[in-house]
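*Asks:* Have a look at this one before I ask anything.
Any read-out appearing in this document is the output of simple, stated calculations on the displayed coordinates, not a laboratory observation. All of these numbers come straight from a predicted model, not from anything done at the bench. Positions of Cβ are backbone-derived with ideal geometry, glycine not excepted, and every protein chain shown enters the neighbour counts.
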Amino acid sequence: MIVLSDAALDALLAQDVPYGDLTTDSLGIADAPARIRFAARGAMVLAGTEEAARLIEKAGGTVSSVRPSGTAVEAGAVFLEGTGSAGALHRAWKVSQTLVEYASGIATRARRIVEAAPGVTVACTRKNFPGAKDLSVKAVLAGGAVMHRLGLSETLLVFPEHRAFLSGPPEDWIAALRRAARRRRRRSSSRPIRWRKPSRSPTPGPT
């Protein structure tokens, strides 16, 4: 399961609360004890709940329960609860809520496609919203699908926009791609592991 980094979560909080929560502080309620509870508006597949919990804790709250990504829940089901000061919970509230909403939306739709095509591997596009790749990939996997391609450094895939720069018959550049792919595989596994059968049973040593 993909886990978003602390740096990524810190950045989300910093974007939303760069200089404090003006409304909560101005109302004088920041120190009041509070409770936060997330419930599903409709049937959904959860994703990003672990990150939402960590956001609450980073803001100063305490999470008492959280249901994991990939869990299917019905409308009204509570999937995250926490406590803390009103100031701490308000700092994390909208960021964590929005993160779960977007990620669970992807996971829920991915699960629908997976369930509609039994026995078929559902592979999703890498065309995520910029800056949201890790969360999007986590949501796809939570929905039971896989990634078709994670990026340009992972697989060979020739588009018409590539072919516009190529001359000669296709078999020539296809052969060149195959040679490049073979070289890359050799570099990745230059020292193969050789398994040997033990000549005799090992002698137990002292414990």
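*Asks:* Among rounded, prolate and oblate, which fits segment 68-161 when a ≥ b ≥ c are the square roots of the eigenvalues of its C-alpha gyration tensor, a/c under 1.5 means rounded, and a/b larger than b/c means prolate?
*Replies:* Here segment 68-161 falls in the oblate category.
*Asks:* Tell me the angle of helix 86-116 to the major Cα principal axis of the chain, expressed in degrees between 0 and 90 and rounded to the nearest ten.
*Replies:* Once rounded, the angle reads 40 degrees.
*Asks:* Now, a different point. Sort 31-44, 168-181, 72-85, 98-111 for me by packing, meaning the mean count of neighbouring Cβ atoms within 10 Å per residue, highest on top.
*Replies:* 98-111, 72-85, 31-44, 168-181
*Asks:* Report the extension gain between SER26 and LYS133 in nm, rounded to one decimal, defined as 0.36 nm multiplied by the number of residues separating them, less their alpha carbon distance.
*Replies:* Contour length minus Cα-Cα distance gives 34.9 nm.
*Asks:* For the chain, what does the alpha-carbon gyration tensor say about shape, rounded, prolate or oblate, given a ≥ b ≥ c as the root eigenvalues, a/c under 1.5 as rounded, and a/b over b/c as prolate?
*Replies:* Here the chain falls in the prolate category.
*Asks:* So, one more: What FRET efficiency comes out for the pair GLN15/ARG178, r = Cβ-Cβ distance, R0 = 35 Å, nearest 0.05?
*Replies:* Rounded to the nearest 0.05, the efficiency is 0.20.
*Asks:* Let me ask another. With n ≥ 4 as the cut-off for DSSP H runs, can you work out [θ] at 222 nm for the chain, using -39500 (n - 2.57) per run divided by the number of residues, rounded to the nearest 500?
*Replies:* -14000 deg cm²/dmol
*Asks:* Please work out the Cα center distance from segment 121-186 to segment 1-47, rounded to the nearest Å.
*Replies:* Segment 121-186 and segment 1-47 have Cα centres separated by 35 Å.
*Asks:* What is the calculated FRET efficiency for ARG35 to VAL120, with r their C-beta to C-beta distance and R₀ = 45 Å, to the nearest 0.05?
*Replies:* Calculated value: 0.55.
*Asks:* For the chain, modelled as a GNM with alpha-carbon contacts under 10 angstrom, which of SER64, SER96, SER153 fluctuates the most?
*Replies:* Evaluated over the chain, the most mobile residue of the options is SER153.
*Asks:* I want the local charge near VAL95. Using Cβ-Cβ distances under 12 Å, sum +1 for each Lys or Arg and -1 for each Asp or Glu among the other residues.
*Replies:* -1
*Asks:* Where both residues lie in the chain, what percent of DSSP beta bridges are antiparallel, nearest 5?
*Replies:* 80 percent
*Asks:* With unit charges on the beta carbon (Lys/Arg positive, Asp/Glu negative), name the residue among LEU166, THR108, VAL63 whose Cα is farthest towards the positive pole of the charge dipole of the chain.
*Replies:* About the Cα centre, the residue reaching furthest to the positive side is LEU166.
*Asks:* Continuing with this model, one more query. Taking every DSSP beta bridge with both residues inside segment 10-112, roughly what % is antiparallel (nearest 5)?
*Replies:* 95 percent
*Asks:* A further question on this structure: Give a residue-ordered list of calculated ³J(HN,Hα) values for segment 122-132 (Karplus: 6.51 cos²θ - 1.76 cosθ + 1.60, θ = phi - 60°; whole Hz; x for Gly, Pro).
*Replies:* Ordered by residue, 3J(HN,Hα) equals 8, 10, 9, 6, 8, 7, 8, 5, x, x, 10 Hz.
*Asks:* Continuing with this model, one more query. May I ask for the angle, rounded to the nearest 10°, between helix 6-16 and the longest principal axis of the chain, with both axes built from Cα atoms and the value confined to 0 to 90°?
*Replies:* Helix 6-16 sits roughly 50 degrees off the main axis of the chain.
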